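To start, the structure under review is shown below, and the notes come after it.
The values are calculated or read from the model by the stated rules, or taken from the named source; none is laboratory data. Keep in mind it's a predicted model, so treat the numbers as computed, not measured. Because the Cβ atoms are built from the backbone with ideal geometry, glycine has one as well, and the counts that use them run over all protein chains shown. Ligands, DNA and RNA are stripped out before the accessible areas are found, and what is left, the full protein with its side chains, is counted by its heavy atoms. Shrake-Rupley method; radii C 1.70, N 1.55, O 1.52, S 1.80 Å.
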Amino acid sequence: MGIKRIILVPLTTHGVLEYLDALNEAIGRKLGEIGVGGIDILAWPDTLKPPMKCFDWSRLQYHGGCIVKYLREVFQLVGLVDSSLVVGVGYLDGYEYGLNFVFGEASPDQHVAVVFTKRLKPEYYGEQARFDLYFERLVKETLHELGHLMGLEHCSNYCVMRFSNSILEVDEKPAKYCGDCVLKIKNYISRTK
C-alpha cells in the first residue's frame with residue numbers, strides 16, 4: 001500500500017498546538033516546492049500524550065524509541081500506519097541511548113517519527129522568546145524526520161538532512177532538501193504509489 005498522507009500528531013498542547021496549523025501548511029509548501037504532490041498533510045485532531053513508561057525519571061527526558069513505538073501502536077489500531085507517515089511533535093526533551101539528547105527520531109520501517117521541541121525554543125538557552133526562530137527550527141526538524149521516513153540518511157550537503165548535534169547546527173542548515181535528497185524523495189514516492 002502506498003503512502004497517501006502525512007499525519008502531524010501533537011504530543012503536548014503547550015508549545016505545539018498553537019503552531020500545528022502553520023506547521024502543516026509549511027510542510028505542504030516545502031514538499032510542493034520540490035514537486036512532491038498528491039500526499040495529504042493532516043493535523044491529528046487530538047493530543048496523544050506519551051505514556052509515562054517512555055519517561056526516564058533519572059534523566060527527566062522521554063525516550064524517543066519508546067514514543068515511536070507508542071505512536072506506531074496507536075496508528076496501527078486505527079488502520080492508518082501502513083498508508084501514512086506519522087510524525088509526533090511534542091514540547092518535550094528527548095534522548096536516545098548513547099546520546100545526551102535528540103531533536104527527533106525516526107523509524108522508517110515503521111513509518112513513524114517524533115520531533116522533540118523543548119530544545120528548539122530560544123528560551124531553553126536563556127534567550128528571549130522568538131516565534132519566528134522557534135517555528136523555523138520546528139519546520140527544519142520536522143522536514144528532517146520526514147526525510148528519514150522517506151528513506152533519507154544524514155547528508156553532508158547544505159541540506160535539511162544534515163545531522164544536528166547542537167541548536168547552532170540546526171540554525172546553520174537550510175529548511176530545504178538538497179538536489180540529491182530531492183531525487184531520493186521522488187524515487188521513494190514513486191516506489192510507494
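General observations
- Taking all protein chains as they are arranged and a probe of 1.4 Å, the heavy atoms of GLU18 leave approximately 110 Å² accessible to solvent.
- Across region 63-80, coupling constants 3J(HN,Hα) worked out from phi with the 6.51/-1.76/1.60 Karplus curve, θ = phi - 60°, read 7, x, x, 5, 5, 4, 4, 4, 5, 4, 4, 4, 6, 6, 4, 8, x, 10 Hz, and Gly and Pro carry x.
- Computed from the C-beta positions of ASP46 and ASP93, the FRET efficiency with R₀ = 30 Å rounds to 0.85.
- In plain terms, the C-alpha convex hull of the chain casts an average shadow of 10.3 nm² when viewed from every direction.
- With Cα atoms as the point set, region 135-178 shows a radius of gyration and Dmax of 9.1, 25 Å.
- Modelled this way, with points 7 Å down the Cα-to-C-beta line, the labels at SER83 and TYR158 are 4.1 nm from one another.
- Percent RCO, i.e. relative contact order, over the chain, from Cα pairs under 8 Å lying at least 6 residues apart: 21
- Accessible area of PHE55 in the full protein assembly, 1.4 Å probe (Å², nearest 10): 40
- MRE, 222 nm, helices only [DSSP H, n ≥ 4, -39500 (n - 2.57), over the chain, to nearest 500]: -11500 deg cm²/dmol
- Exceeding the 22 Å Cα-Cα cut-off - candidates LYS30/LYS184; LYS69/LYS184; LYS4/LYS186; LYS140/LYS184; LYS30/LYS186; LYS140/LYS186: LYS69/LYS184
- Cα gyration tensor shape for region 13-104, rounded if a/c is under 1.5, else prolate or oblate: prolate
- Filtered chymotrypsin sites (Phe, Trp or Tyr not before Pro), region 63-113: DSSP coil and at most 10 other beta carbons within 10 Å: TYR97
- Full extension of the chain between ASP109 and SER166 yields a length gain of 17.9 nm, computed as 0.36 nm times the residue separation minus the alpha carbon distance.
- Among the GluC sites (Glu not before Pro) in region 81-150, those located in a DSSP loop and surrounded by at most 11 other Cβ atoms within 10 Å of their own Cβ are GLU127.
- DSSP bridge orientation in region 27-172 - percent antiparallel, rounded to nearest 5: 50
- Computed over region 50-109: relative contact order in percent, which uses C-alpha pairs under 8 Å that are six or more apart: 34
- Full-stretch length increase - LEU17, PHE135 - with 0.36 nm per residue and alpha-carbon distance subtracted: 41.3 nm
- For region 59-164, the square roots a ≥ b ≥ c of the C-alpha gyration tensor eigenvalues yield an a/c of 1.5 or more together with a/b exceeding b/c, which makes the shape prolate.
- Most to least accessible of LYS184, LYS140 (protein chains only, probe 1.4 Å): LYS184, LYS140
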